[in-house]
Amino acid sequence: MELYLMRVGTMRATGGPVAAYLVRHEEGDVLIDTGYPRARAGAYAGELKEPVQLDHGQDVVSRLAGLGIDAGDVRDVIISHFDPDHAGNMDAFPRATFWVQEEHYDTARSGAVPRLERFRALWDLPEDRFALVKGDQEFRPGIELVESGGHIPGHQSVLLRPPGARPVLLAIDAIPTSADLDAAERSIYPFDMDEERVRESTRKLADLARRENARIVHGHDPDQWRILPLAPEPFPL
């Protein structure tokens, strides 16, 4: 198993990364999240800047190409949730199955979360394109999907257990920075929808990382990502 961290944009408000992840697995490549819509690279929305700075060539399709991977060949994509900075390029993967928590899929399809509607056309694909996950589930040997709602219903994180190596927990938006590890004291951010579940998921993931002795990669931590090895360099396992 190999892991590649891909910076596919920058949050304008915080300088934090927009992240996608590639797992090169014995049973085939797995992409985790697809980043902000590549069509918005360098773009502005009216008089307001896009919330994500996305330079040309920085999108997930270009990052994968730099690793020798054609987006059209990717068969499995794990989507943490449908926020635009995580699911903005699902249309670039025409042969992929998208693995999403059922709770999140149902919530998004209901139209109950206004922020998901702007780019709805990119994620509201035919039902047969999705594999719906119920709670914590092994995806493949060494890859576990971990329900971690609160930021949004049905958010999911990913635990990797590389053979003979220390596990890695991709916390994504459930614990977006290393300053958010204390469930009781962590910040609640403007897009966090359910404070109680945010704190429950923070506690769940922090406990999981302790039990597994896992390294945690935080989804939007500018300080951590400044020192992490990024693709095309593999993350050391």
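The values are calculated or read from the model by the stated rules, or taken from the named source; none is laboratory data. None of these values were measured; they are calculated from a predicted model. Cβ placement follows ideal geometry from the backbone for every residue including glycine, while neighbour counts extend to all protein chains displayed. Surface areas here come from the heavy atoms of the whole protein model, side chains and all, with no ligands, DNA or RNA. Shrake-Rupley method; radii C 1.70, N 1.55, O 1.52, S 1.80 Å.
Listed by first and then second residue, the pairs with beta-carbon distance under 6 Å, at least 6 apart or on different chains, first residue in segment 56-75 and farther than 19 Å from Gly9 by Cα and assigned to a loop (DSSP other than H, G, I, E, B), second open to solvent by less than 60 Å² (accessible area, probe 1.4 Å) and of a type in the set (A, V, I, L, M), are Val74/Leu31; Val74/Ala96; Arg75/Ala96. Can Phe98 be described as closer than 22 Å to Gly219 by Cα and either at pLDDT below 95 or among the aromatic types (Phe, Trp, Tyr) (or both)? Considered against the rule, which asks whether it is closer than 22 Å to Gly219 by Cα and either at pLDDT below 95 or among the aromatic types (Phe, Trp, Tyr) (or both), Phe98 comes out as yes. The condition of being open to solvent by less than 20 Å² (accessible area, probe 1.4 Å) and over 13 Å from the mean Cα position of the chain (by Cα) holds for only one of Pro126, Pro167, Pro141, Pro163, that being Pro167. Among the residues of segment 58-69, not a single one is under 27 Å from Arg197 (Cβ atoms) and open to solvent by less than 20 Å² (accessible area, probe 1.4 Å). Among the residues of segment 169-192, is there at least one that is under 16 Å from Leu22 (Cα atoms), out of contact with any helix residue (DSSP H, G or I) (no Cβ under 7 Å at 6 or more places or on another chain) and at pLDDT 95 or above? Yes. For residues that are part of a strand (DSSP E or B) and in contact with a helix residue (DSSP H, G or I) (Cβ under 7 Å, 6 or more places away or on another chain), scanning just segment 213-231, find the one that is least open to solvent (accessible area, probe 1.4 Å). This residue is His218. Within segment 165-208, the only residue that satisfies the criterion of being of a type in the set (Ser, Thr, Tyr) and closer than 18 Å to Ile79 by Cα is Ser201.
The set of residues in segment 183-212 being open to solvent by less than 80 Å² (accessible area, probe 1.4 Å) and outside any helix (DSSP H, G or I) consists of Ala183, Ala184, Arg186, Ser187, Ile188, Asp192, Asp194. Taking every residue in segment 165-182 that is assigned to a loop (DSSP other than H, G, I, E, B) and pairing it with any residue that is open to solvent by less than 30 Å² (accessible area, probe 1.4 Å) and of a type in the set (A, V, I, L, M, F, W, C), at least 6 positions away or on another chain, the pairs with Cβ-Cβ distances below 6 Å are Pro167/Ala214; Ala174/Leu205; Ile175/Leu205; Leu181/Ala206. Here Val8 fulfils each of the conditions (1) farther than 22 Å from Glu147 by Cα; (2) surrounded by fewer than 24 Cβ atoms within 10 Å (Cβ to Cβ) apart from (2). Counting residues in segment 86-104 that are of a type outside the set (S, T, N, Q), surrounded by fewer than 22 Cβ atoms within 10 Å (Cβ to Cβ), in a loop (DSSP other than H, G, I, E, B) and on the phi > 0 side of the Ramachandran plot gives zero. Residues considered: Ala39, Ala112. Of these, the only one that is open to solvent by 10 Å² or more (accessible area, probe 1.4 Å), without any contact (Cβ under 8 Å) to a residue 60 or more places away in the chain, in a loop (DSSP other than H, G, I, E, B) and of a type in the set (A, V, I, L, M, F, W, C) is Ala112.
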